[in-house]
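First up is the structure itself, then whatever we jot down about it.
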Amino acid sequence: MSTSTKKWALITGASSGFGVDFAHELAAQQNHLVLVARRTEPMDKLAAELRAQHGIQVRVIGMDLARPGVGAELHDQLRNENIEVQTLVNNAGYGVFGEFLEQPLEKTLNMLQLNMLALTELTHAFGRDMAARGRGNILLIASIGGYQATPTYAAYSASKSYVLLFGEALHEELRKRGVTVTVLSPGITATDFLKVSGQKATLYQRLAMMRSRPVARIGLRALARGRASIVPGLLNSVTAWSNRLIPRLLQRKVAFQLMRND
């Protein structure tokens, strides 16, 4: 059987956190995997484990996704290897914590490049193939922060608002072409997010934190059911829904207080 006739899933940000969880879940469903992130060592270990457990093929690609042109580059590389991606999990991303003017602009721009532009490029490159075939699945990882302005995560929450609205719009555009697009918007989760962003967990975050594997499972289940968007966890769902009723002035003031470490 050639690689193009097998069921392949592409996961970005696959070296840690949600990326590892998505890999385990999709491997258990007998998807062959393409794992992409900057760090190859943890992905190589994960690939060996998944091959042994599930008898699948795993392709590991070390690539810095936070730069222009990565969508076409990765797409062309996999096309040359005759790998046809049926499921794309756009998981790569990170946050920068702190007041906007106190953060290095270069770091913020790098985050925005990864969270929005790389995601857009990858969705366009692989989404075209899916639409041409008349089938495919795309899972975009946003955040509950995308539902409101979040001081100390100003640029991050704005980037995730883009992912949320972009994905929900694509859901309507592409479903008539056989492609399902689903947006997963987690709240605070037990991953390396806080460590990378530079924030110490607040009391609210410690109380609201969810385990990452169930969140990944919720996202994939929503994708399989053809949902446009999902917020995992009752508290997160209520928070996102209640933003429709709360004045925006109050939203951002409450969010600012909840993010404070003092």
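Counting charges near THR182 (Lys, Arg +1; Asp, Glu -1) among other residues having Cβ under 10 Å from its Cβ returns a value of +2. Carbon-plus-sulfur accessible fraction, region 90-220 (probe radius 1.4 Å, protein heavy atoms only): 57%.
Highest-first packing order for the peptide set 70-81, 146-157, 209-220 is 146-157, 209-220, 70-81, based on the mean count of other beta carbon atoms within 10 Å. Taking every protein chain into account, the accessible area of the chain amounts to 48 square angstrom per residue (probe 1.4 Å). With contacts taken as Cα pairs under 8 Å at a separation of at least 6 residues, the chain carries a relative contact order of 18 percent.
Charge dipole (Cα centre; +1 on Lys/Arg Cβ, -1 on Asp/Glu Cβ; no other charges) of the chain amounts to roughly 780 debye. Taken as Cα centroids, region 185-240 and region 36-96 sit 22 Å apart, rounded to the nearest whole angstrom.
Packing order of peptides 7-16, 29-38, 189-198, 97-106, highest average first: 7-16, 29-38, 189-198, 97-106 (average count of other Cβ atoms within 10 Å over each peptide's residues). Solvent-accessible area assigned to carbon and sulfur over region 38-88 amounts to 43 percent, based on a 1.4 Å probe.
The values are calculated or read from the model by the stated rules, or taken from the named source; none is laboratory data. All values derive from a computational prediction rather than experimental measurement. In this analysis, Cβ positions are derived from the backbone assuming ideal geometry, glycine residues included, and neighbour counts consider all displayed protein chains. Just the protein is used for accessible areas: all its heavy atoms, side chains included, with ligands, DNA and RNA removed. Shrake-Rupley method; radii C 1.70, N 1.55, O 1.52, S 1.80 Å.
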